[in-house]
Amino acid sequence: MFSLTPDEWTAVLLSLRIAVVATVVALPFGIALAWVLARKNFWGKALLDGIVHLPLVLPPVVTGYLLLIWFGRRGVIGAFLADTFGIVFSFRWTGAALACGVMGFPLLVRAIRLSIEAVDAKLENAAWTLGANRFLVFATVTLPLALPGIIAGMVLCFAKALGEFGATITFVSNIPGETQTISAAIYTYTQTPSGDAAAGRLVLVAILISLIALIGSEWLARRAGVRLHGG
Amino acid sequence: MLSVAVEKRFADFTIAAKFEAADGVTALFGPSGSGKTSIINMVAGLVTPDRGRVSSNGTLLFDSEGVNVPPHRRGIGYVFQDGRLFPHMTVRQNLDYGRRMRRLTHDAAAQARIVDLLDIARLLERRPAHLSGGERQRIAIGRALLMGPQLLLLDEPLASLDAARKREIFPYLLKLRDETAIPMIYVSHHAAEVKRIATTIVRVENGCVTGIGGSELLDTEDADALI
């Protein structure tokens, strides 16, 4: 019978929590940025696009280190957030979620941007003449039509967050129960002489979660597609 | 009364148009590519003129001295050549969209009258993907009417339809002219359509107005052809 030890459960649940929080918190920023990149032209757009995509190409350790410098206790942003809002990232699961969100962000923005670009701007103009202001045009026309792409982007971001390793371990270390995700736990078990069985079990769990996410998103996207174009 | 005097330079083309449109149907008539659609886009607010003024019933909509009312506050209905129904909404939701966005109270009688006028009652629960071209265009007309516009712009509403569909839609447009009091700007390059529907004809060539008047502006042979 396949069963996990309490320590392994802790890592699995923590990973899920981190990945869900990272994806959900990144989503509104991702949608806003994707819209700006898809529909607006402005000076410095290429630079902004580059910065958004940077975590995709930088070594994850570099991203983690930059997060440590800026969002750590003594970092400019980290100190400000800790003093004003009491939000602390360093060596907390919230820091892991931040690292995962940053790493998944380019994938999220990219998928949503493509789907917004695919929405016919003529439909937006039609809504505009019918009395909808810019925000309502976005909320009632652009967003629902871009929904399949938004779902795809969320799954990519979630998957990236679930598997993130380098940036997380650099930024918030590998603390069981606080920042030790499935990936970090597998890594730890492979470094211990008798850890093969535990690592193997977590590998199976990782495969299972990823499969469920993929199949679930496929199902959701198809439902959204039917709602848009069928019945 | 709509009053238009606009200038706009595009990359390969300049528009300089001045005309007024009273009640009834004012046709913007001219060959394809003469700038008719650009002119009504400026009336709708979708395109911003470089210079000029647009006013409707005494309300200033655009003035290059610093007034530019955005499209959603102009209250001008627009029927596009390609319909542009929202694919993720049913026909009923499409028809109701303008009223909801403009926060008008639901007027069941007005809705029933327009549904009846356009003969679309049996289509209400369908999605645009399941409509014929002619049905789609009727819904587009209904959607623009139900937002309660002070003016209706129709951009070649028949151009994307085949001959049989044109003959299907055209009577509805004539009914619209005769049974509603909404002034209309009707863009077309088709003399026969214009002759039958227009109360005033504004001839547009190369971005400029080259004549305002009645059916004497039309080539007789074209104008008497079948629609």
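FYI, it's all coordinate maths here, none of it is from the lab. For clarity, every value in this text was computed on a predicted model and none was experimentally measured. With ideal geometry, Cβ positions are generated from the backbone for all residues, glycine too; neighbour counts draw on all protein chains shown.
Key figures for this structure:
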item	result
Inter-probe distance in nm under a simple model that places probes 7 Å from Cα toward Cβ, at A:Leu54 and B:Asp224	7.5
Helical contribution to [θ] at 222 nm, DSSP H n ≥ 4, -39,500 (n - 2.57), averaged over the protein assembly as shown, rounded to 500	-17500 deg cm²/dmol
Inter-chain Cβ neighbour average for residues B:79-92, partner chain, 10 Å	4
Local electrostatic count at A:Leu48 - Lys and Arg +1, Asp and Glu -1, tallied over other residues with Cβ under 13 Å	+2
For residues of A:129-142, the mean tally of beta carbons on other chains within 10 Å	6
FRET efficiency, A:Ile215 to B:Ser64 (Cβ-Cβ, R0 41 Å, nearest 0.05)	0.10
Net charge over other residues, Cβ less than 11 angstrom from the Cβ of A:Ala198 (K, R count +1; D, E count -1)	-2
Model label zone, B:Glu216; criterion: amide N under 11 Å from point 7 Å along Cα-to-beta-carbon; scope the range B:171-193	none
Neighbour-count ranking [beta-carbon atoms within 10 angstrom, fewest first] of A:Phe29, A:Phe135, A:Phe158	A:Phe135, A:Phe29, A:Phe158
Inter-centroid distance (Cα atoms) of the range B:163-220 relative to the range A:182-231, Å	62
For A:Val12, A:Val20, B:Val25, order by how many other beta-carbon atoms lie within 10 Å, fewest first	A:Val20, A:Val12, B:Val25
Euclidean distance between Cα centres, the range A:58-76 to the range A:102-180, Å	23
Candidates B:Thr48, B:Thr105, B:Thr90, ranked by Gaussian network fluctuation over chain B, Cα under 10 Å, top entry	B:Thr105
Relative contact order (percent, whole number), the range A:1-118, Cα cutoff 8 Å, 6+ residue spacing	40
Residues A:Ala121 and B:Thr105, FRET efficiency given R0 of 30 Å [Cβ-Cβ distance, rounded to 0.05]	0.45
Quarter of Cα convex hull surface for the range A:30-141, i.e. mean projection, nm²	8.9
Simple spin-label estimate for B:Arg51 and A:Ala79 in nanometres, 7 Å along Cα-Cβ	5.8
Of B:Ala11, B:Ala109, B:Ala140, the one that fluctuates the most in a GNM where chain B has Cα springs shorter than 10 Å	B:Ala11
Highest-fluctuation residue, A:Phe89, A:Phe80, A:Phe171 considered, GNM on chain A with Cα pairs under 10 Å	A:Phe80
Test item: A:102-111 mean partner chain Cβ contacts at 10 Å	0
Around A:Gly30: net Lys/Arg minus Asp/Glu count, Cβ-Cβ under 13 Å	+3
